[in-house]
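The values are calculated or read from the model by the stated rules, or taken from the named source; none is laboratory data. Please read these numbers as outputs of a predicted model, since none were measured by experiment. Here the Cβ positions follow ideal geometry from the backbone for every residue, glycine too, while neighbour counts run over all protein chains shown.
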Amino acid sequence: MNQTARIISIYAADTSGVCSALYEYGGMTVIHDASGCNSTYTTHDEPRWYDKKSMMFISGITEKDAVMGNDDKFIDDLIIAANELKPAFIALCASPLPAMIGTDLDAIAFAVESETGIPSFSVKTNGMSSYISGAANAFVEISKHFTKENPDINASLNMSDKTDRLKINILGITPLDFPLRSSYDSLLEFINDSGFELNSCVGVNTCLEDIVNLSDADVNLVVSSVGVSLADHLYDEFSIPYVKGVPYGKEFSFRIGDYIKESFSTKTNIDSTKDLRCEGDTAILGESIQSASLASALLLDKGIKACVLETVGEGDLDILKPFDLSCDDEKILEDELRKFKTVLGDPLFKPIVHDADFIPLPHEAFSGRCFTKSAPNLIYTDLDFL
Amino acid sequence: MLKQISLNENKIPEGIKISEIDFNNPFHDGLHYNPPARGVWNIVHTGMLIPEAHQIYVCAQGCLRGVILTAAEMNRMENMSWVALREKDMWNGEMESRVVEGCSHIVDEMEKHPKCVLVYLSCMHLFEGCDFKVISKELEERYPDIDWVDCYMTPTMRKSFEPDVMMKKSLYSPVRKQAVDKNLIGLIGCDRETAKSSEIYTLLEKAGMKMWEITECRSYEDYLSLGKASLLISYLPVVGYAARDLTSRLGIEHLAIDLSYDEEEIISNLNSFSNAIGLDEKSVKETTAVTRSNALKAIKDAKNIIGGRPIAIDSSATPRPLGLAKLLTENGFNVKRIYTDAFSAKEKSDFIVLCKLIPNLEIYPSMDPTMLFASDEITGSESDFICIGQKAAYFCQTRNFVNIIEGGGLYGFDGIEKLCQLMIDAFNNPKDLKLTISHKGLGCESCL
């Protein structure tokens, strides 16, 4: 039954996505929430919480505030905290109840910015969507506020004219999709080995300067659905083209490297999985860009044909092929999975995989910190986990 | 007068002296910070105490995420299901039917019906004016073999009905009146086992009676046998609402014998308990003659070992942090800090004593945004604090701490003795702070 699950987990929500996206930029991110969003995020969705400080708070809204429309308290509390903590910016997002009663977070952000002089904005959430939309919206909002105009951008340059190394932004990397430090290191290794230069990595191991300088890049590499909206925004605003795909395995990584050069030369956006997918008896569960990338890498490196079963219910569905499926319904998914001989997915999907061989691929956005210790890093490496 | 905690020039928050703080409203209740101490139980942990029960949460994705992963970390996903609310559900007038149909689908998918299903509704249902009675009635009619229990995940109501208080009420609501067993006493409100060496058990044994504790129930029938109890007792404060519900439904008397660190209050409570189970005060004197002297000796031993090391206590460790601070201070310990966001009315007298005894005792909140900067785990520098409670240990960045929540199942003079032993252990055996406090739900199984 739609929206119902007997035994599987649920993906991180949009509010966690916002916090995860903005974690390292020195701002103060506040979820307008009674209680729970904060501890859920900091326990299950944020592996950096213990070791790296970030101003992530909730408003502590009560039923009285909600019924009486007492936004003044929230505004006053934001101003008190901002004056004490002096964040670089203030980002607000809504949990279900403020979304339900129509709290005007844009107006609250405006009031707070007017009073404190600190750039303030809201990020659209309602606590009922996945981390993908929350993080994607957050990246776009922070870019709108801080990314500099780039008067030097030269749209006519192509590869043959380019004398220095291509500058690459990595978009869509948050711990919800890539919790391992080694994933970041491998992406960097891929960028360097391919003869490119990292301009900004958006999401992890980053700072506000990276957002400011996003417009300096030549090409954006989008490694999850979380980065697509920002990639579109940067394409619209600065004509920076993008390539979708995670450099899993070796051969597929090389292919992505070629596509990045092509994307720069042609100024077109490229789906790096476009010609590399075949229907098969292996299923990959998870977020669409990562899953489609893994399917492509398995085909190139191992000759394995795999279908993608996109299970978040949100994200980049354009990357899916006709033989793939987007499904966040447990029962339908359980029935679909009977068609496959091998299933790769988060261990919390295992109870609905009955006959197939199950290969665990922990996904922080689904199982939180439960299996982080056993999560493999597949980026720019031999796919020997199979 | 509300106090606004502030940062010093090194961005470290400064505590408020107890002598300068308003007992009723110690801190400004503004934005909330969440320290990474995960030992305190939530409504999932508590609900899992009912044997052979299943939990279904009906709420938004953001709310579901925390409870589902609580169950996942406990390795209890087989006892957990969910129904997600989407934006359209707010407007289509089908809130009740979504609960009913969602729960029905889940139960139909199970190989065997559970004996009891806890259905958790959310703030959204509350604000929609959702008809909870219609839901219960429909589910009971469809599945008469299941005890359906309405539970609430409504944190917006926390100022009037804390989720923990509501959960304690729901926890006992399937219990029905049974033929009274005069020898059975029900201990309610404790999520964790109470030390069997405490005076409560000694007195019970003297009276030839036995205790019902939810932690010892292995089957749903064991659990329901609370309905046979001749008396209900409790010693933790969150159980009041549940106790009132049980006494009115089952006609069983309830006796609150609050956890305390004050000698007079301990004896008074034990006397009340003793009278209620048909013993006289002599029994209490006999029992406490030994435990009291053991407690005094343990306090001395702990003081000799710990010496002048600073001590911090947080309110997640015990419902009476001020009472514990008073006991320790009166016995020569160097109590420097208390971490609490509010004071219990029952601690007023301890507060007054402490204001005179150690007026410079620093009171810190745990949720104020400035507390983000209270700890210095980045540089790895440790303080020399001995802490009681996970949050105090985190804020003070010490590996020397007593790892308990909600009193730790320690009661009476025996509890004081055990606590002193734990303090000595904390002094002698440093713990891995990050690993220890990351474990969600102290005492529960964890997959981490």
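Just give me the residues in the range B:56-80 being polar (S, T, N, Q) and closer than 13 Å to B:ILE43 by Cα, in sequence order.
Filtering the range B:56-80 down to residues polar (S, T, N, Q) leaves B:61, B:70, B:75, B:79.
Result: B:THR70, single match.
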Sort out which residues of the range A:46-59 are buried (at least 24 other Cβ atoms within 10 Å of the Cβ) and either at pLDDT below 95 or more than 7 Å from every other protein chain (Cβ to nearest Cβ) (or both), and write them in order of number. A:GLU46, A:MET56
Criterion: under 25 Å from the mean Cα position of the chain (by Cα) and charged (D, E, K, R) - qualifying residue of B:GLU73, B:GLU128, B:GLU140: B:GLU73
Only residues that are within 15 Å of B:LEU31 (Cβ to Cβ), touching a residue at least 40 places away in the same chain (Cβ under 8 Å) and facing chain B (nearest Cβ under 7 Å): list them for the range A:1-35, please. A:THR15, A:VAL30, A:ALA34
Do we find a residue being out of contact with any Pro (no Cβ under 7 Å at 6 or more places or on another chain), aliphatic (A, V, I, L, M), surrounded by fewer than 23 Cβ atoms within 10 Å (Cβ to Cβ) and farther than 23 Å from A:ILE31 by Cβ anywhere in the range B:97-105? yes
Quick test of your reading of the structure: B:ARG176 fulfils all but one of (1) within 13 Å of chain A (Cβ to nearest Cβ); (2) in contact with a helix residue (DSSP H, G or I) (Cβ under 7 Å, 6 or more places away or on another chain); (3) part of a loop (DSSP other than H, G, I, E, B). Name the failing condition by number. (1)
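Acidic (Asp, Glu), touching a Pro at 6+ places or on another chain (Cβ under 7 Å) and touching a residue at least 24 places away in the same chain (Cβ under 8 Å), is that true of B:ASP181? Before the answer, list the steps.
Values: acidic (Asp, Glu): yes; touching a Pro at 6+ places or on another chain (Cβ under 7 Å): no; touching a residue at least 24 places away in the same chain (Cβ under 8 Å): yes.
For B:ASP181, the condition - acidic (Asp, Glu), touching a Pro at 6+ places or on another chain (Cβ under 7 Å) and touching a residue at least 24 places away in the same chain (Cβ under 8 Å) - is not met.
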Of all residues being in a helix (DSSP H, G or I) and either surrounded by fewer than 24 Cβ atoms within 10 Å (Cβ to Cβ) or hydrophobic (A, V, I, L, M, F, W, C) (or both) in the range A:115-132, which is nearest to the other protein chains (Cβ to nearest Cβ)? Just the residue, please. A:ILE132
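From A:ASN83, A:ASN70, grab the single residue that is closer than 16 Å to A:ALA107 by Cβ and surrounded by fewer than 19 Cβ atoms within 10 Å (Cβ to Cβ).
Working: A:ASN83 fails: closer than 16 Å to A:ALA107 by Cβ.
The match here is A:ASN70.
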Among the listed residues B:LEU372, B:LEU354, which satisfies the condition of being part of a helix (DSSP H, G or I) and under 17 Å from B:GLY30 (Cβ atoms)? B:LEU372
Please state which of the following conditions A:SER263 fails to meet, knowing it meets all the rest: (1) farther than 28 Å from A:PHE196 by Cα; (2) not in a loop (DSSP other than H, G, I, E, B). (1)
Since B:MET80 meets every condition but one in (1) within 21 Å of the chain's Cα centre (by Cα); (2) more than 7 Å from chain A (Cβ to nearest Cβ); (3) crowded, with 24+ Cβ neighbours inside 10 Å, which condition does it not meet? (1)
Would a scan of the range B:230-237 turn up a residue that is more than 28 Å from B:SER173 (Cβ to Cβ) and buried (at least 18 other Cβ atoms within 10 Å of the Cβ)? no
Matching residues in the range B:318-354 (among the polar types (S, T, N, Q) and under 17 Å from the mean Cα position of the chain (by Cα)) number 3
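Report, by residue number, each residue of the range A:351-370 that is charged (D, E, K, R) and at the interface with chain B (Cβ under 10 Å from one of its Cβ atoms).
So the first thing to find is which residues in the range A:351-370 are charged (D, E, K, R), and the list is A:355, A:357, A:364, A:369.
Correct list: A:ARG369 only.
Taking the condition closer than 21 Å to A:PRO96 by Cβ, crowded, with 23+ Cβ neighbours inside 10 Å and outside the structural domain of B:GLU221 (by TED's automatic domain parsing), does B:LEU69 pass?
Details: closer than 21 Å to A:PRO96 by Cβ: yes; crowded, with 23+ Cβ neighbours inside 10 Å: yes; outside the structural domain of B:GLU221 (by TED's automatic domain parsing): yes.
In short, yes.
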